[in-house]
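Presented below is the structure to which this report refers.
The values are calculated or read from the model by the stated rules, or taken from the named source; none is laboratory data. Being a predicted model, the structure only gives us computed values, none of them experimental. FYI the Cβ positions are ideal-geometry reconstructions off the backbone, even for glycines, and counts take in every protein chain you see.
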Ligand code: CP
């Protein structure tokens, strides 16, 4: 396995990673892809390492993917769900984590609704912290697995045209993807209604488009994001039906554009809103490959961060 070291002790965001770190994660994940396709899928790399998965917000993919990655690496795994814990009795984040760390935990994987929560934790405790999504801020392992999936599908990320469609304003996946894709030399455009695109996003080096057809004609990869109704306390568009009509990626549009476009979605999908089923389930869709690749990418992240402790 990798002799080189990642430059950070924690994975708080893609913003903190160098392009070399990202390439190292991908090279390490390539080796773990091979491991998880063997009849015996486990390696002893993190034996005697204890990892807690702290989830203060709902998750299906990220939570299961991290747990599987940790088990494939032979770590001891603890799962914590805020809804079934003493957080409900008023215990603070820091008290919760310090109590868990008193039980000799080495690494913390955390999802939290507050942007910056993992950064706060990293400034207070000694364990490695992995951000599994902090509010509308970053979701670094999702961006890594997305870029890794593009690399596996198209051979490279550099020079590829990647369009991110949908609710950019509320999306931690969009911000982490933009940082990651730009660090790897891709061209990036965002496309959605003006109300769902942050005002100064061009400063991140991305193009802005509001026409789905034009954007599909431009891109090699379409990464279609979920409309995050739970984060929208005011109306950003009139109705879901109209959103689909004007901003949804539909089979009809993709067929009319008439070229192969790699279709991605981080999940969970609102079928019939941002994407129709004929696109999500088409032969050009790599949505389930993203999920499969996520386990190897998360194994790589945990393995490389653990090496920083030794
Ligand atoms: N992509 C993603 O973060 O999905 P979950 O919310 O189910 O973890």
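Quick notes
- Subset of segment 67-95 [more than 16 Å from the ligand (Cβ to nearest atom), part of a helix (DSSP H, G or I) and surrounded by 15 or more Cβ atoms within 10 Å (Cβ to Cβ)]: 71, 72, 87, 93
- Residues of segment 121-149 satisfying the condition of being in a helix (DSSP H, G or I) and either within 16 Å of the ligand (Cβ to nearest atom) or surrounded by fewer than 17 Cβ atoms within 10 Å (Cβ to Cβ) (or both): 140, 141, 142, 143, 144, 145, 146, 147, 148, 149
- Hey, residue 217 farther than 17 Å from residue 15 by Cα and either at pLDDT 95 or above or buried (at least 22 other Cβ atoms within 10 Å of the Cβ) (or both) or not: yes
- Sole residue being over 26 Å from residue 94 (Cα atoms), at pLDDT 95 or above, out of contact with any strand residue (DSSP E or B) (no Cβ under 7 Å at 6 or more places or on another chain) and not in a strand (DSSP E or B), chosen from 64, 25: 25
- Count - residues of segment 32-61 that are surrounded by 15 or more Cβ atoms within 10 Å (Cβ to Cβ) and either part of a helix (DSSP H, G or I) or away from the ligand (no atom under 16 Å from the Cβ) (or both): 12
- Exclusive hit being farther than 19 Å from residue 180 by Cβ, under 20 Å from the mean Cα position of the chain (by Cα) and buried (at least 17 other Cβ atoms within 10 Å of the Cβ), set 270, 223, 244: 270
- Scanning segment 222-245 for residues being modelled with pLDDT of 85 or more and either in contact with a helix residue (DSSP H, G or I) (Cβ under 8 Å, 6 or more places away or on another chain) or in a strand (DSSP E or B) (or both) gives a total of 5.
- Some residue of segment 96-106 being surrounded by fewer than 23 Cβ atoms within 10 Å (Cβ to Cβ) and at pLDDT 95 or above: yes
- Residue 103 falls short on exactly one of the conditions (1) over 19 Å from residue 294 (Cβ atoms); (2) in contact with a strand residue (DSSP E or B) (Cβ under 7 Å, 6 or more places away or on another chain); (3) away from the ligand (no atom under 16 Å from the Cβ); (4) not in a helix (DSSP H, G or I), and that condition is (2).
- Taken as a whole, the condition of being outside any strand (DSSP E or B), under 23 Å from residue 196 (Cβ atoms), within 16 Å of the ligand (Cβ to nearest atom) and at pLDDT below 95 applies to residue 167.
- Of the listed requirements (1) within 16 Å of the ligand (Cβ to nearest atom); (2) modelled with pLDDT under 95; (3) surrounded by fewer than 21 Cβ atoms within 10 Å (Cβ to Cβ), residue 288 misses just one: (2).
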